[in-house]
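Okay, structure first, notes after.
Please treat every number below as a calculation from the coordinates, not as lab data. Just so you know, these numbers come straight off a predicted model, no measurement behind them. Cβ sites come from the backbone with ideal geometry, for glycine too, and all protein chains shown count toward neighbours.
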Amino acid sequence: MKKQYSEKCLLTKEQTLIKRIQGFKSMVVAFSGGVDSSYLLFIASQALGNKNVLAVTARAPFFSRFETQHIEPIIKSLNVRHCFFDHNAMSIDTFIQNPPDRCYHCKKLIFTSIRQIAKSFSIQHIAHGANLDDLKMYRPGLKASKEFNIESPLVDAKLSKQEIQLLAQNHRLSNWNQPAMACLATRIPYYDPITLKKLSMIDRAEKIIHDIGFSGSRVRLVDGTAKIEISKNQLASFFHGQFEDAVTRQFKEIGFISVNVDRKGYQSGFDDALYMAD
């Protein structure tokens, strides 16, 4: 059940966010195309003026095409400066080996590149779209953000994921209700090495699921098996629509050995709970 928020509370938090960002004069926003970084970019462009904001996006094979397709339309609508850079985490052994702190090593490389870009534009401050709920989850990438002094304005304003979605909806951002789409590497169990082939299989499989109307779903690759996780409120529609046979056939054509639909539905951070105390 979704929590109810008062309009006054939301606007107060947004004003806190605006004042926080105005103190930076100029800013680079690490922009993924998701709702959190989109809302942050929108507010930054309003608070600082679009000429004082630069959106920077990493390009890599483990970012879902479903999420990245929103990038250019949002940039165009906000009329902010934007650049891509090639992110080669596949060159890092500590990423490929897929340990529980994989995200930390990946983010270090991302922030190194963004810092260089910010320096070339003479911009001192870099911000990312971490929100208050991220602090309650296993997020090793947050350690990297602290080491690189990356600003977290949404956290500073105490904004939760749902509050950000509501505010993004208020401002009519086109992707306000876009489901969270984490890095494709999160679909592979820890210590199972990451390969380009696995990432491609997962990306193609998730596109099939999204194209038949089940956005926000995950396809996890476990020992050659595709484990499909569909949001709980869509599970009945999936089975009643008799999609399972067609999806299984298409997944096997991609290269999966077998296909399993999880009857429990989508579970965020499916093997992160063990590391929450670390």
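Scale the Cα Rg of the range 184-274 by the rule-of-thumb value 2.2 N^0.38 Å and send over the ratio, two decimals. List each step's numbers first, then the result.
Values: Rg = 12.4 Å, N = 91, 2.2 N^0.38 = 12.2 Å.
Ratio of Cα Rg to 2.2 N^0.38 Å: 1.02.
Given the convex hull of the Cα atoms of the range 216-269, what is a quarter of its surface area in nm²?
Values: hull surface 14.8 nm².
That works out to 3.7 nm², a quarter of the Cα hull's surface.
Per residue of the range 58-65, what does 6.51 cos²θ - 1.76 cosθ + 1.60 with θ = phi - 60° give for ³J(HN,Hα)? Whole Hz please, x for Gly and Pro, Karplus curve as stated.
7, 10, 7, x, 9, 9, 5, 5
Using a 10 Å cut-off around each Cβ, can you sort 62, 85 from fewest to most neighbouring Cβ atoms? Kindly include the intermediate steps, with their values, before the conclusion.
Details: 62 24, 85 15.
Ranked by crowding around the Cβ, least crowded first: 85, 62.
Name the residues whose placed amide hydrogens come within less than 5 Å of the amide hydrogen of residue 29, ignoring near sequence neighbours (fewer than 5 apart) on the same chain.
54, 55, 56, 127
Could you work out Rg/(2.2 N^0.38 Å) for the chain, with Rg from alpha carbons only? Can you show the working numbers first?
Values: Rg = 19.0 Å, N = 278, 2.2 N^0.38 = 18.7 Å.
With N residues counted in the chain, Rg over 2.2 N^0.38 Å equals 1.02.
Quick one: 3J(HN,Hα) in Hz for the range 34-51, Karplus 6.51/-1.76/1.60 with θ = phi - 60°, rounded, Gly and Pro as x.
x, 5, 5, 6, 5, 5, 4, 5, 4, 5, 4, 5, 6, 6, 10, x, 5, 6
If you restrict to DSSP beta bridges whose two residues both lie in the range 184-274, what percentage is antiparallel, to the nearest 5? Each step should come with its number before you reach the end.
On the way: 5 of 9 bridges.
Of the beta bridges lying entirely in the range 184-274, close to 55 percent run antiparallel.
Is it possible to state the helix-based mean residue ellipticity at 222 nm for the chain, with each DSSP H run of 4+ residues giving -39500 (n - 2.57), the sum divided by total residues, to the nearest 500 deg cm²/dmol? What is it? Mind showing how you got there, number by number?
Details: 12 runs with 119 residues, N = 278.
After summing the helix terms and dividing by residue count, I get -12500 deg cm²/dmol.
Quick one: work out the % antiparallel among DSSP beta bridges in the chain, nearest 5. Intermediate results must be reported in sequence, preceding the final value.
On the way: 5 of 22 bridges.
Counting DSSP beta bridges with both partners in the chain, the antiparallel share is about 25 percent.
For the range 96-159 and the range 224-249, write down the distance between their C-alpha centroids in whole Å.
34 Å
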